[in-house]
Amino acid sequence: MADVQEATLYPASRPHGRTSDLKARLVAAAEFLKSPTMVGSSFPASHWLINRMLHGIDWSRVTTMLEYGPGTGAFTAAILTRLPSHARLIAIDTSASFTDHLISAIPDQRLHVVTGSAADVQHIMASHGLSQADCIISGLPFSTLEPDAATQIIDRSAQLLCPDGLFMAYQMRTAVRPLLEDRFGSVRAAYEWRNIPPCHLFWASEPNQAMAQ
């Protein structure tokens, strides 16, 4: 899973049964005004960012995927267009406004939406009868998280990933990079300027689970 393979780019897609873009933007804007340090951006991810972030993953090998900070679901919907029919996507967000929106906007049996913290990901996984994930994608703004919380999230993520698992993050800043480099054997980075705001992209593989204890 960690070796990202060359693959055909998927077209940008809309969530299954997604409500209007206007409603999603209003939800995002309201949450950004309420908690600007916890919401990376009030703008949805562009299709350039989504396709570049998800490009090349061998989706046939993904059975369990986690998403931290799904917001209004731009990445969620794109992941579901790629995810096998037997797989599961667990989307975790601290905002009930976002999770309520996802539940109503994307009625997909593979999607499990949880209102909670990514720091509790092990308990959340256990509540779904799961102990390992193949992929984790995060839009959490690590630059504004409390340092202990940021470290805890990366540690627990590394513990949950299967040996050939992949952790992906899209960020306005690079605060997550040293955390990934401490806990993963390989970290690749890129920059996508065709997004509002432009984002740093990271793909981390070879989780060092002993260090994350």
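The values are calculated or read from the model by the stated rules, or taken from the named source; none is laboratory data. If you're wondering where the values come from, they're calculated on a predicted model, not measured in any experiment. Cβ sites come from the backbone with ideal geometry, for glycine too, and all protein chains shown count toward neighbours. Calculation scope for accessible area: heavy atoms of the full protein, side chains included, ligands and nucleic acids excluded. Shrake-Rupley method; radii C 1.70, N 1.55, O 1.52, S 1.80 Å.
Some notes on this structure:
- Check on Ala204, open to solvent by less than 30 Å² (accessible area, probe 1.4 Å), in a strand (DSSP E or B), more than 15 Å from Leu49 (Cα to Cα) and in contact with a helix residue (DSSP H, G or I) (Cβ under 6 Å, 6 or more places away or on another chain): yes
- On the stretch given as region 60-72, residues that are in contact with a strand residue (DSSP E or B) (Cβ under 8 Å, 6 or more places away or on another chain), crowded, with 24+ Cβ neighbours inside 10 Å and outside any strand (DSSP E or B) total 2.
- Options Ala149, Ala158, Ala126, Ala169; residue that is of a type outside the set (Ser, Thr, Tyr) and free of Cβ contacts under 8 Å to residues at least 24 places away in the same chain: Ala126
- Positions within region 156-185 being over 22 Å from Ser60 (Cα atoms), out of contact with any Phe, Trp or Tyr (no Cβ under 6 Å at 6 or more places or on another chain), outside any helix (DSSP H, G or I) and open to solvent by 20 Å² or more (accessible area, probe 1.4 Å), in sequence order: Tyr170, Met172, Arg173, Thr174, Gly185
- Residue match in region 82-103 (condition: of a type in the set (Asp, Glu), open to solvent by 30 Å² or more (accessible area, probe 1.4 Å) and under 27 Å from Ile196 (Cα atoms)): yes
- Failed item in (1) at pLDDT below 95; (2) on the phi < 0 side of the Ramachandran plot, with Gly71 passing the rest: (2)
- Summed over region 164-190, the residues that are of a type outside the set (D, E, K, R) and out of contact with any strand residue (DSSP E or B) (no Cβ under 7 Å at 6 or more places or on another chain) give a count of 3.
- Residues of region 104-130 that are modelled with pLDDT of 95 or more, out of contact with any strand residue (DSSP E or B) (no Cβ under 7 Å at 6 or more places or on another chain) and open to solvent by 30 Å² or more (accessible area, probe 1.4 Å): Gln109, Ser117, Asp120, Gln122, His123, Ala126, Ser127, Gly129.
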